[in-house]
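Trainee: Got a structure for you, questions after.
The values are calculated or read from the model by the stated rules, or taken from the named source; none is laboratory data. Source: prediction; values computed, not measured. Virtual Cβ from ideal backbone geometry, glycine too; neighbours counted across all protein chains shown.
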């Protein structure tokens, strides 16, 4: 992968390591934002940064979804989608509109490659958290198979687990600024 940056110390909560990349990507786009997998950090960040944008958050866990759904702004909707309906729902969401950012961080690691493929021509930027492919707990290796479809890709290695951004249209000029700000 091109554009790799890594610093040995990991002084960030492993569930928040996507925040610098996700924030930069949201700031660089204007379109709707799709969150596949809600979380304490990503949902709060997206909610704060996207007050005037359409936002759709998808999760498979009713408890997790209801934890965040009660505090969302108008224009931010939540969908509860079971594992069996995940592929159908993401396909429908991909066909429904063009997205500024699609953030992929759901627990179904075996579906992440399919999600990237579904949105490759429908999202300006695709952000994938947990691209530390040597994880023993989850199989992230399938994501490597889809990287060849993207002329623009960067992996943010400031903190583990890593976060990648993929695009067919955006050359990611903001990426070097992200690195210089984090040093």
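Trainee: Among (1) at pLDDT below 90; (2) under 14 Å from residue 165 (Cα atoms); (3) in a helix (DSSP H, G or I), where does residue 22 come up short?
Mentor: Condition (1) is where residue 22 drops out.
Yes/no matrix, rows are residues, columns are (1) farther than 21 Å from residue 149 by Cβ; (2) at pLDDT 90 or above; (3) in contact with a strand residue (DSSP E or B) (Cβ under 7 Å, 6 or more places away or on another chain); (4) in a loop (DSSP other than H, G, I, E, B):
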site	(1), (2), (3), (4)
57	yes, yes, yes, no
66	yes, no, no, no
77	yes, yes, yes, no
86	no, yes, no, no
93	no, yes, yes, no
102	no, yes, yes, no
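Trainee: For residues that are under 21 Å from residue 96 (Cβ atoms), touching a residue at least 24 places away in the same chain (Cβ under 8 Å) and touching a helix residue (DSSP H, G or I) at 6+ places or on another chain (Cβ under 8 Å), scanning just segment 49-72, find the one that is surrounded by the most Cβ atoms within 10 Å (Cβ to Cβ).
Mentor: Per the stated criteria, the residue is 59.
Trainee: Within the group 155, 124, which residue is touching a strand residue (DSSP E or B) at 6+ places or on another chain (Cβ under 8 Å) and at pLDDT 90 or above?
Mentor: Of the residues listed, the single one that is touching a strand residue (DSSP E or B) at 6+ places or on another chain (Cβ under 8 Å) and at pLDDT 90 or above is 124.
Trainee: Follow-up. Considering (1) more than 24 Å from residue 160 (Cα to Cα); (2) in contact (Cβ under 8 Å) with a residue 40 or more places away in the chain, say which one residue 46 fails and leave the rest.
Mentor: Failed condition: (1).
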